[in-house]
Structures are given as C-alpha cells and as structure tokens.
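The values are calculated or read from the model by the stated rules, or taken from the named source; none is laboratory data. Fair warning: this is a prediction, and the values are worked out from it, not measured in the lab. Heads up, the Cβs are rebuilt from the backbone with ideal geometry, glycines too, and the neighbour counts pull from every protein chain shown.
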Amino acid sequence: MSKNAVNANAPASFEAAMQELDQLVAQMEAGALSLEASVAAYKRGAELVKFCAGQLDKVDSQIKVLEGGMLKPFATEDIDEDAS
C-alpha cells in the first residue's frame, strides 16, 4: 500500500477517528457484521487506534515544550479541599 493510500484513509481529526472507532465497536458488539466485515473492521480499528496514539503523542510533546519539559502532577488534594 502506498503512502498516499494510507493518507487517503486517515481521519480528518482525533475526534473523527474516535467517532469512527466507536461506530466500529458498536457494530462489532452488536454482531451486525459478517466474519469478513468484522476482520476489515478490526483492521480499520487498529489503524484508528494507531492514528489516535500518534495524535496524543504529538500533543504530549507540545505540552512538554509549553511546560518547559516539566509536567506537573495533577493536584487532587486541592480539589478535595475545595469541595469541603
């Protein structure tokens, strides 16, 4: 498969990939697909997961740059104290 063919199947965004993945999972769980269609759906789902992971890695890298390479842990204690 050529690189252009792969790019032609790439989702427009992370959100679009997640929506398509949700639809594939729902179809597979409902048993609405033939065996061949299930295999194709699984393959497409794997491609979507890889795309989403790549997008998350890009965002993680951007956040590290914005935070100066020092990610700060989420402070759950502050939220618990505010709720009291």
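Values as computed for the structure displayed
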quantity	calculated
Residue selected from the stretch 5-43 under the condition of a type outside the set (Gly, Ala, Ser) and over 21 Å from the mean Cα position of the chain (by Cα), by the criterion modelled with the lowest pLDDT	33
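Conditions tested, residue by residue: (1) at pLDDT 90 or above; (2) in a helix (DSSP H, G or I).
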residue	(1), (2)
45	yes, yes
48	yes, yes
51	yes, yes
54	yes, yes
60	no, yes
63	no, yes
71	no, no
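So that you can scan it fast, the table gives a plain yes or no per residue for (1) within 15 Å of residue 11 (Cβ to Cβ); (2) of a type outside the set (Asp, Glu); (3) touching a residue at least 12 places away in the same chain (Cβ under 8 Å):
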residue: 28; (1), (2), (3): no, yes, yes
residue: 32; (1), (2), (3): no, yes, no
residue: 36; (1), (2), (3): no, no, no
residue: 42; (1), (2), (3): no, yes, yes
residue: 49; (1), (2), (3): yes, yes, yes
residue: 53; (1), (2), (3): yes, yes, no
residue: 62; (1), (2), (3): no, yes, no
residue: 68; (1), (2), (3): no, yes, no
